[in-house]
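Since the structure comes first, as structure tokens, the remarks are kept for the end.
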Amino acid sequence: MLIDCQNHVFPREYVELLGRNPHPTRAAELGDGAFAIRFETQEFRVTHAMYDPQQKLRDMDRCRIDVALLSINMPGPCMLADDLAVGGARLINDYIADLTRRHPDRFAGLASIPWQLPDEAIREMDRAADEQGLRGVVLYSHVRGRPVDDPAFGPVYAHAEAKGLPIVFHPTVPAWGAAIKDHWMIPMMGLQVDTSFALLRLILAGVLERHPRLQVVMPHVGGVLPYMMGRIDNQTEVMGRGREHITRPPSSYLRDVYLDTVTPSAQSLRFAYEFSGAGKLLFATDHPWVDSKLFVDLLNGLEASAEEKAQIGSANAAALFRIA
């Protein structure tokens, strides 16, 4: 069995709503089924056909993927103006919940919430989980420029912990994207680096220390954090820097975090496996951005036992997201 823990949709109605956003993050229909997702420093051109649920099911069948955990990619409603954010989150969650109801054996879903409005975020988290059956909450690498360890978001983390809802990171264009906008360096590297900084903030600010039962998923084999963790531990444990809010080395918190397997590199997947162990890896594809077969083949080629591959492929996700 395979459960894909990072698989994306993008409702047409959400494109329309993004078109009304007064901030630089917007979207626009281009005609012939194409649309643009525009950030202040980068534009991505995509098609509605990429996100078609029936095509998604065909691709899953071709790659023998049993279940896909659906979410939108970027931007989330946390990038919308306050007066659009709640409606945007509800629109996304209703769309995903409808797909899970129509295909209960193939799709499960993650909730989008308006993080910039913590009280509303908690209300939408409850609605999405209790009424719509969604299995976790998406968190982007920043919330309209605000860092993810902003104390205002503390009640949201506490509520997710109490409800047993995993927090699933996803990249968005960095607030500092202007520094790396040339040569397409934002999607090449900036997205993963920004998400790495975001998780490191949660660690060093003590969010994971204060919420030890909070379950967190980091995409793209942990970004750069597993590779950099030796230096980070040295900075805190030897140099005494950034130690004010934690009682353990940063690497010990990262080893409590789930990493997904979205990487085109067998070497990177192997490094994540050696760093975190099979019990903390989740199979994922980032569909529709990359051909899912690549990630299936990389998992099959990993030098691990059949039992460990079954953990990575489905067992870990089934337990974490309560997927039968």
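Here are some notes:
- Taking the conditions (1) within 30 Å of A306 (Cα to Cα); (2) touching a helix residue (DSSP H, G or I) at 6+ places or on another chain (Cβ under 6 Å) in turn, F35 satisfies each one other than (1).
- Here V296 clears all of (1) of a type outside the set (F, W, Y); (2) out of contact with any His (no Cβ under 9 Å at 6 or more places or on another chain); (3) more than 22 Å from Q55 (Cβ to Cβ) except the condition numbered (3).
- Output for segment 274-283, where each listed residue is hydrophobic (A, V, I, L, M, F, W, C) and more than 16 Å from V67 (Cα to Cα): F275, A278, L281
- Cβ-Cβ under 8 Å pairs, at least 6 apart or on other chains, segment 1-29 side in contact (Cβ under 8 Å) with a residue 12 or more places away in the chain and under 30 Å from A318 (Cα atoms), far side crowded, with 23+ Cβ neighbours inside 10 Å and of a type in the set (F, W, Y): L2/F283; I3/F283; I3/F321; D4/F283; C5/F283; C5/F321
- Restricting attention to segment 234-251, the residues that are buried (at least 16 other Cβ atoms within 10 Å of the Cβ) and touching a Pro at 6+ places or on another chain (Cβ under 8 Å) total 1.
- Any hit, segment 1-19, residues being farther than 30 Å from T261 by Cα, crowded, with 19+ Cβ neighbours inside 10 Å and more than 22 Å from the chain's Cα centre (by Cα): no
- Total residues in segment 89-145, condition in a helix (DSSP H, G or I), closer than 16 Å to V9 by Cβ and in contact with a strand residue (DSSP E or B) (Cβ under 8 Å, 6 or more places away or on another chain): 9
- Selection status of V156, outside any helix (DSSP H, G or I), in contact with a Phe, Trp or Tyr (Cβ under 8 Å, 6 or more places away or on another chain) and among the aliphatic types (A, V, I, L, M): no
- Among residues of segment 46-61 that are without any contact (Cβ under 8 Å) to a residue 60 or more places away in the chain and within 21 Å of E13 (Cα to Cα), those with a beta-carbon under 7 Å from a residue that is in a helix (DSSP H, G or I) and charged (D, E, K, R) at least six positions away or on a different chain give the pairs H48/R12.
- Looking at D256, D233, D286, just one residue is of a type in the set (D, E), in contact with a Ser or Thr (Cβ under 9 Å, 6 or more places away or on another chain) and farther than 18 Å from A68 by Cα, and that residue is D233.
- Residue in segment 101-108 that is surrounded by fewer than 20 Cβ atoms within 10 Å (Cβ to Cβ), in contact (Cβ under 8 Å) with a residue 24 or more places away in the chain and of a type in the set (G, A, S) present: no
- Within the set G177, G206, the sole residue that is touching an Asp or Glu at 6+ places or on another chain (Cβ under 9 Å), surrounded by fewer than 20 Cβ atoms within 10 Å (Cβ to Cβ) and touching a residue at least 60 places away in the same chain (Cβ under 8 Å) turns out to be G177.
- Test: residue in segment 77-100 that is in contact (Cβ under 8 Å) with a residue 12 or more places away in the chain, under 16 Å from T172 (Cα atoms) and of a type outside the set (A, V, I, L, M, F, W, C): yes
- Filtered residue count, segment 12-41, keeping only those that are of a type outside the set (A, V, I, L, M) and not in a loop (DSSP other than H, G, I, E, B): 9
- Sole exception among (1) within 16 Å of the chain's Cα centre (by Cα); (2) within 25 Å of D59 (Cα to Cα); (3) not aliphatic (A, V, I, L, M) for K280, by number: (2)
- Enumeration of residues in segment 49-72 that are surrounded by fewer than 23 Cβ atoms within 10 Å (Cβ to Cβ), closer than 30 Å to R20 by Cβ and out of contact with any helix residue (DSSP H, G or I) (no Cβ under 8 Å at 6 or more places or on another chain): M50, Y51, D52, Q54
- Some residue of segment 36-44 being out of contact with any Leu (no Cβ under 9 Å at 6 or more places or on another chain) and of a type in the set (S, T, N, Q): yes
Coordinate-derived values only; no laboratory data. Source: prediction; values computed, not measured. Glycine also receives a Cβ, built like all others from the backbone with ideal geometry; neighbour counts cover every protein chain displayed.
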